[in-house]
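Here's the structure we're looking at; comments come further down.
The values are calculated or read from the model by the stated rules, or taken from the named source; none is laboratory data. Fair warning: this is a prediction, and the values are worked out from it, not measured in the lab. Using ideal geometry, Cβ is built from the backbone for each residue, glycine included, and neighbour counts are taken over all protein chains shown.
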């Protein structure tokens, strides 16, 4: 008996003019054990650039550590995330000809979630910045691993907003008994109740089929639309139209099966 992993990633722009999310890998099937999502913060004009750069730089650094196998995964993640923050922060810096920073502008910032699967120890190591999320589904129970970095409705910890990154999360989670690992931007999880998401993850279908159903549900919400209708005293149909495709939707779903 051995543990088999399979994964699928998907991104949709919804009704937004552009898709400010990025993810790694971009093609599936994949042999990678590194999975990354980033949601460019729309208050910054170069949000897409921020998410792309964060994913690129994180994957580059982390892949190097994985190949060399020096140190511990928590340290790899910390170094990779801080490196991504530094590179995105540079996009905000206006420099003089001599290289001195003359101004720091609000141009680029993003969320960032990184999942690293260590097959040898059967552990998940993850890093988290912002308000995207990582979940595990085990024994029929959905568990959110990350803490939303929000304060008064605004993201309190972001990649690129400052030269010093503080408040990020790096943790290890044993995967024994786990069926699914799910990375999602807020365009998905805000449109799904925990019950709906749990129902989707109770399936034994492939990650592609399950994630496609999750994204369809998020694009045309049911439970969340019903709550919205009640709060704003409108019909559920009107609420569904109002919420449908309200944000970019990006997810990576990873299955873990004993075979």
Confirm whether residue 91 is closer than 30 Å to residue 18 by Cα, in contact with a helix residue (DSSP H, G or I) (Cβ under 8 Å, 6 or more places away or on another chain) and surrounded by fewer than 24 Cβ atoms within 10 Å (Cβ to Cβ). yes
Filter region 98-117 for residues that are in a strand (DSSP E or B) and modelled with pLDDT of 95 or more; which is nearest to residue 2 (Cα to Cα)? 117
Can you name every one of the strands (runs of 3 or more DSSP E) wholly within region 1-77 that holds 1 or more residues which are touching a helix residue (DSSP H, G or I) at 6+ places or on another chain (Cβ under 6 Å), over 24 Å from residue 107 (Cα atoms) and in contact (Cβ under 8 Å) with a residue 12 or more places away in the chain? 3-12, 34-39
Which of the numbered conditions does residue 120 fail, given that it passes all the others? Conditions: (1) assigned to a loop (DSSP other than H, G, I, E, B); (2) under 19 Å from the mean Cα position of the chain (by Cα). (2)
